[in-house]
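Scroll down for the structure; my scribbles are underneath it.
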Amino acid sequence: MKRRETIKLLGLLPIVPLTTFKNALGSEKYTYGPIVESGYDLVIYGATPGGIACAIRAAREGVKVLIVNHNQHLGGMFVNGLGTMDTLYNGARSPIYDEFRYNIYDFYRSKYGYHSTQYQETNPGLSKTRFESHVAEQIIGEMLNRESGITVLKGYYPESVEKSGRQIRKITFRKKNTEETLVIESNIFADCSYEGDLVAVSGINYRLGRESSKEFGEEHAGVAYMQKDHWPAQGIMDKRNLEYAGTLNLFRYKSWSDLIRRASTGNAHPAIQAFNLRTTLTNDPNNRILPNKPKDYNPKYIRETFEYNMDAGLEVPNLKTSWNEPELIGEQNKYIEGNWEERQRITDKFRDITMSVLYFNQNDPSLTNEVRNYWRQFGLSKDEYQDNGNLPYEIYVREGRRIIGQSVFTEHDAKLANGLNRAPVHANSISVTEWFMDSHACTDSEMEGSKKEGEVMLKNKTFPGQIPLNTLFPESLDNLIVPVCLSASHIGWGTIRLEPTWMSIGEAAGYAVSMAVKSKMPLSQINSNSLVRLLAKKHIMLSFFNDMEGREYASWYPAIQYLGTQGFFGSYEAQPNKLLTSSIAKVWITNLKKWLNNQSNDPNSDARDVYKAEQQGGGPLSTQSFAKQLSETINRKGYSPEEILLIMARLNIPSDAMITRGDACRIIFEVTSIED
């Protein structure tokens, strides 16, 4: 049986160890601890998927956590109609994300059966796992409920902070729509909200808007008009990127769009990308609420503002869809910078427009019978958002504030680097990106043949990148970490802003917090190399490779993930089972020597040397020969060839055979672990 068929049969990620998952998900009773105002190691604002992952990982590492959310429903867009994992990669990427995804499969398979339509509609064995909002909320509640170290506070938002030097000491949280406040103390704080509200009240610098193309030298930055999507790609001067993108082990959209350069000034612009509700629709007559004519219904406005189609959105289990329209352009910045009263006004406007468009599609005489009849199948789902008029609780905030951090992730970090067959290498990588750089429309301006201004979807132009740890740290505070609204340009943000990526970043942040708590060091001063090593050992993906899916618990996986951050690979091909060649061994050992001797080490320069060596070939190397070369290079006490052979024996690497790339990486990882 093929590996992917096995994954589909079992309904699990290939590397996730089978664990018992309680299916008592019908209960809404959460056993959270009592709210106290001090004694926490970590206070998280924002129960988004990134915040949930951060909280769970930190708690499992012994950290006492308080997670605060602005409304009563935990899980961000997972519980607000998203309905899918926006990822192009099917493999495991981080344990909490993998666990959540497995729990979705397990829930539907256990409740409905393996051969059921509901289970098959979760897309087992494919990257884009599908699910219903209320199921996601129940699963998240169950996962949180298991963690005795997590306390949850619902319905509060940050109003002010008390700082001392470079430290936040206390946060005043206000209960929504009341005068009631709580002052919470903690050693470390995390902003995991979509909006970056804790960032704002903390007084740190942030970006809101689009940089000019000149600021970071980004081709697609600033005011940008893109061609309407087409396929196949035409008129391309350099086909290398397009052809290489097609070889990656990622879901591929057959779509292409280029800049219309005569109209794209690249000038900075304040508008970020537009928002909408991700409304859950259903065509199940027994679960459907057909819309009535909305109050203040204005068909002329709908007709002139929005385009109609026959697409109710992506399908999710139980005859439901996630409807990703209509986008209401022009309200996005007001929402981010507004207070909660203003945000509620804007949310109500989105609700009204969404229902008006649905009613229009079903009833307006300007539409054909075919279009009206198509839409008359659909209504709101009775079993979703039952305490909110069956509409999602939150707007889909695609972009909020972005901190000005210690480094910045830009368009360049998700494009092929010069001299490499991969994106730039970051030695302090804590997660990966793999979604295409993606911005929805920012303004309603158009020109002939273009999408709306600011809509930039770089499908088949984006490559998997690495997210540096210091993009999570603001410049001016030492005990605030920002896993969601991290430091990125607007264009770079487009490949980060997906829930699977945020869950991986959030879990890495949880490990970082744990390390700071245990070492009693300021969060921003933890040893990044030690953290990266730890993340690799804990099976958080730090480097994308084409040949990792389904092999994430192989013995060489942590070593390759770590060395992928240190310049040991010049492409997305790890080839762990391929025999190590003499040319690659020479470069790896040379790079290792510079590293251990604390010489200037540029992982991108090292990766370029490796990539050149890949083209040279060379014969295979025996294990004994590799041990001898490694010993001569290290030239330190305890690293004789015999000692290295003992290390190999401990790692169950045969000493009488040719050595594979994966085993060589294991040895290097072990030797450098001892040094570290």
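The values are calculated or read from the model by the stated rules, or taken from the named source; none is laboratory data. These figures come from a predicted structure and were not determined experimentally. We place every Cβ from the backbone using ideal geometry, glycine too, and count neighbours over all the protein chains shown. The area values use the complete protein model at the heavy-atom level, side chains included, leaving out ligands, DNA and RNA. Shrake-Rupley method; radii C 1.70, N 1.55, O 1.52, S 1.80 Å.
Highest first, please rank the peptides 313-326, 270-283 by the mean number of other Cβ atoms sitting within 10 Å of their residues. Don't skip to the end; give the middle numbers.
Working: 313-326: 20.9, 270-283: 22.8.
Result, highest mean Cβ count within 10 Å first: 270-283, 313-326.
Evaluate the relative contact order of the chain (contact order divided by residue number), counting alpha-carbon pairs under 8 angstrom at least 6 apart; express in whole percent.
Details: 1455 pairs, mean separation 107.1, N = 676.
Result for the chain is 16 percent.
If the reach is capped at under 20 angstrom between alpha carbons, list the lysines near residue 451, excluding any in the same chain fewer than eight residues apart.
228, 254, 459, 461
What distance in nm separates the two pseudo spin-label positions at residue 615 and residue 594, each 7 Å out from Cα along the beta-carbon direction?
Label-label distance for residue 615 and residue 594, simple model: 1.8 nm.
Which of the peptides 588-596, 557-565 is most tightly packed, and how do the rest follow, going by the mean number of other Cβ atoms within 10 Å of each residue? Mind showing how you got there, number by number?
Details: 588-596: 18.4, 557-565: 26.0.
Ranking the peptides 588-596, 557-565 by packing returns 557-565, 588-596.
Under 20 Å between alpha carbons, and skipping anything fewer than 8 positions from residue 293 in its own chain: which lysines qualify?
In chain and number order, the partners are 349, 382.
Among 129, 113, 95, whose Cα lies farthest out toward the positive end of the dipole of segment 92-162, if unit charges sit on the beta carbon of Lys, Arg (+1) and Asp, Glu (-1)?
Result: 113, furthest along the dipole toward the positive end.
Return the distance in nm (one decimal) between the two label points of a simple spin-label model at residue 268 and residue 555, each offset 7 Å from Cα along Cα→Cβ.
Simple spin-label model gives 5.5 nm for this pair.
For a Förster distance of 60 Å, can you work out the FRET efficiency between the beta-carbons of residue 448 and residue 162, rounded to the nearest 0.05?
On the way: r = 55 Å, r/R0 = 0.92.
Efficiency at R0 = 60 Å is approximately 0.65.
With point charges of +1 on the Cβ of Lys and Arg and -1 on the Cβ of Asp and Glu, referenced to the Cα centre of the chain, which listed residue (491, 273, 378) lies farthest in the positive direction of the dipole?
Projecting each Cα onto the dipole axis, the largest value belongs to 491.
Per the Kirkwood treatment, what hydrodynamic radius in Å, one decimal, follows for segment 162-304 from the mean inverse distance over all distinct Cα pairs? Write down the numbers at each step before the final one.
Numbers: mean 1/r = 0.0461 Å⁻¹.
Taking every pair of different Cα atoms in segment 162-304, averaging 1/r and inverting gives 21.7 Å.
If a/c stays under 1.5 just call it rounded; otherwise compare a/b with b/c (prolate if a/b is bigger, oblate if not). Do that for segment 54-148, with a ≥ b ≥ c from the square roots of the Cα gyration tensor eigenvalues.
In terms of gyration-tensor shape, prolate.
Starting from the exponent 0.38 and prefactor 2.2 Å, build the expected Rg for segment 266-398 from its residue count and divide its actual Cα Rg by it.
Numbers: Rg = 15.3 Å, N = 133, 2.2 N^0.38 = 14.1 Å.
Its radius of gyration relative to the 2.2 N^0.38 Å reference: 1.08.
Based on the alpha-carbon set only, what is the convex hull volume of segment 358-510 divided per residue, in Å³?
Numbers: hull volume 29.2 nm³, N = 153.
Taking the convex hull of the Cα positions in segment 358-510, it is 191 Å³ per residue.
Using a 1.4 angstrom probe on heavy atoms only, work out the carbon and sulfur share of the accessible area of the chain in %. Each step should come with its number before you reach the end.
Numbers: 12090 of 25820 Å².
Accessible surface attributable to carbon and sulfur in the chain totals 47 percent.
According to a simple spin-label model (label point 7 Å from Cα along Cα-to-Cβ), what is the distance in nm between residue 110 and residue 334?
It works out to 4.6 nm between the two label points.
Could you name the aspartates and glutamates whose alpha carbon sits less than 17 Å from that of residue 170, not counting residues in the same chain fewer than 8 places away?
Excluding near neighbours in sequence, the set is 37, 41, 159, 162, 180, 185, 191, 197, 478.
Provide, for q = 0.10, 0.12, 0.16, 0.17 Å⁻¹, the log10 of I(q)/I(0) from a solvent-free Debye sum over equal Cα point scatterers in segment 466-620.
The Debye formula, applied to the Cα set alone, gives -0.42, -0.60, -1.02, -1.11.
Can you tell me the relative contact order of segment 114-230? Whole percent, Cα pairs under 8 Å, sequence separation 6 or more.
On the way: 90 pairs, mean separation 14.3, N = 117.
Reported as a whole number, the value is 12 percent.
If one computes the Cα centroid of segment 316-343 and of segment 66-131, what distance in Å separates the two points?
21
Among the DSSP beta bridges whose two residues both lie in the chain, what percent are antiparallel, rounded to the nearest 5?
70
Mind checking which of 48, 466, 160 is farthest towards the positive end of the chain's charge dipole, using Cβ charges of +1 (Lys, Arg) and -1 (Asp, Glu) about the Cα centre?
Checking the options against the dipole of the chain, the answer is 466.
Here are a few candidate values for P(r) over Cα pairs in 10 Å bins from 0, in percent: (1) 3, 12, 20, 21, 15, 9, 5, 3, 2, 2, 2, 2, 1, 1, 1, 1, 0, 0, 0; (2) 3, 15, 25, 27, 19, 8, 3, 1, 0; (3) 3, 13, 23, 24, 18, 11, 6, 2, 0. Which one was actually calculated from the structure I just gave you?
Working out P(r) over Cα pairs in 10 Å bins from 0, in percent from the coordinates points to (2).
Express the Stokes-Einstein translational diffusion coefficient of segment 141-200 in µm² s⁻¹, to the nearest whole number, given a Kirkwood radius over alpha-carbon pairs, 25 °C and a viscosity of 0.890 mPa s.
Numbers: Rh = 13.0 Å.
Here the translational diffusion coefficient equals 188 µm²/s.
May I ask for the distance between the Cα centers of segment 137-151 and segment 427-465, given as a whole number of Å?
A separation of 34 Å, based on Cα centres.
Mind running the shape call on segment 572-676? Use the C-alpha gyration tensor, a ≥ b ≥ c as the square roots of the eigenvalues: rounded below 1.5 for a/c, prolate if a/b tops b/c, oblate otherwise.
Values: a/c = 1.76, a/b = 1.11, b/c = 1.59.
Taking the square roots of the gyration eigenvalues as a ≥ b ≥ c, segment 572-676 is oblate.
Among DSSP bridges having both ends in segment 48-198, what percentage is antiparallel? Round to the nearest 5.
If I count the DSSP bridges inside segment 48-198, around 75 percent turn out antiparallel.
Would you work out the charge dipole size for the chain about its Cα centre, treating the Cβ of every Lys and Arg as +1 and the Cβ of every Asp and Glu as -1, and quote it to the nearest 20 debye? Display every interim value, and only then the final one.
Numbers: 77 positive and 80 negative charges, 212 e Å.
Computed charge dipole of the chain: roughly 1020 debye.
How long are the three semi-axes of the equivalent ellipsoid of segment 139-245, in whole Å, if each is the root of 5 times an eigenvalue of the C-alpha gyration tensor, listed from largest down?
On the way: eigenvalues 370, 92, 42 Å².
Over the Cα atoms of segment 139-245, the ellipsoid semi-axes are 43, 21, 15 Å.
For helix 603-616, what angle does its Cα long axis make with the longest principal axis of the chain, in degrees from 0 to 90 and rounded to 10?
70
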